[in-house]
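All remarks here apply to the structure that follows.
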Amino acid sequence: MKRVLLSILVIGILLLSACGAPSALPIETPSTPPPTEQPTPTPTPIPVPPPLPGGEEVIDALDTDKLLDIGYNQPDKIVTVEGDIVSTYYARGSKGQPTFLNFHDPYEGYFTAVIWGDDRGKFPPNPESYYLYKKVRIKGKIEIYKGDPEIILRQPSQIWVVE
């Protein structure tokens, strides 16, 4: 009879441990290593506009009167103009294949930046898409074309995105 009771007891313990019931016997569990700390990703730096020397003025792209005054009276003065590009146009079929970066819609009567086809490859691909809806600063000499102020962009260093 002792043998039967002992067998029942052993079978009961085996069944309980197979079902996941806690055991009275100490069971060693493998130690879990502490979670490894993931390195914090470094955010991509936001391009910062270069400092303007000597407190140089930044002119609003929509200040047409001021830009016209500089273009007519100080045509050799290099200025910095800031504003939002609100429309663009790549005139692929036109002479010189200009790309127009416009700061007002309609663009007539307002400041525009122009990239000629010969210089287009120096800029990001599809500059008409790249700069669209971005705030930019443009540096150069104000030229007057059909009564409107513009800056011709010959180098990418003349334009940068402002956050």
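The values are calculated or read from the model by the stated rules, or taken from the named source; none is laboratory data. Bear in mind that the values here come from a model prediction, so they are computed numbers and not experimental data. Here Cβ is always computed from backbone atoms with ideal geometry, including for glycine, and neighbour counts include all displayed protein chains.
Numbers below:
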| item | result |
| --- | --- |
| Qualifying residue in the range 133-144 (condition: part of a helix (DSSP H, G or I) and not hydrophobic (A, V, I, L, M, F, W, C)) | no |
| Among residues of the range 101-132, those that are surrounded by 20 or more Cβ atoms within 10 Å (Cβ to Cβ), of a type in the set (Ser, Thr, Tyr) and either outside any strand (DSSP E or B) or under 21 Å from the mean Cα position of the chain (by Cα) (or both), counted | 2 |
| Candidate set from the range 81-99 (those that are hydrophobic (A, V, I, L, M, F, W, C) and surrounded by fewer than 18 Cβ atoms within 10 Å (Cβ to Cβ)); member that is farthest from Ile152 (Cα to Cα) | Val86 |
| Checking Glu150 against (1) surrounded by fewer than 20 Cβ atoms within 10 Å (Cβ to Cβ); (2) in contact with a helix residue (DSSP H, G or I) (Cβ under 9 Å, 6 or more places away or on another chain); (3) among the acidic types (Asp, Glu), the condition it does not meet | (1) |
| Criterion: touching an Asp or Glu at 6+ places or on another chain (Cβ under 7 Å), farther than 18 Å from Ile138 by Cβ and modelled with pLDDT under 60 - qualifying residue of Ile27, Ile46 | Ile46 |
| Residue list for the range 147-163, filter: farther than 14 Å from Val114 by Cα and assigned to a loop (DSSP other than H, G, I, E, B) | Gly147, Val162, Glu163 |
| Unmet criterion (only one of (1) surrounded by 14 or more Cβ atoms within 10 Å (Cβ to Cβ); (2) over 18 Å from Glu128 (Cβ atoms); (3) hydrophobic (A, V, I, L, M, F, W, C)) for Ile78 | (1) |
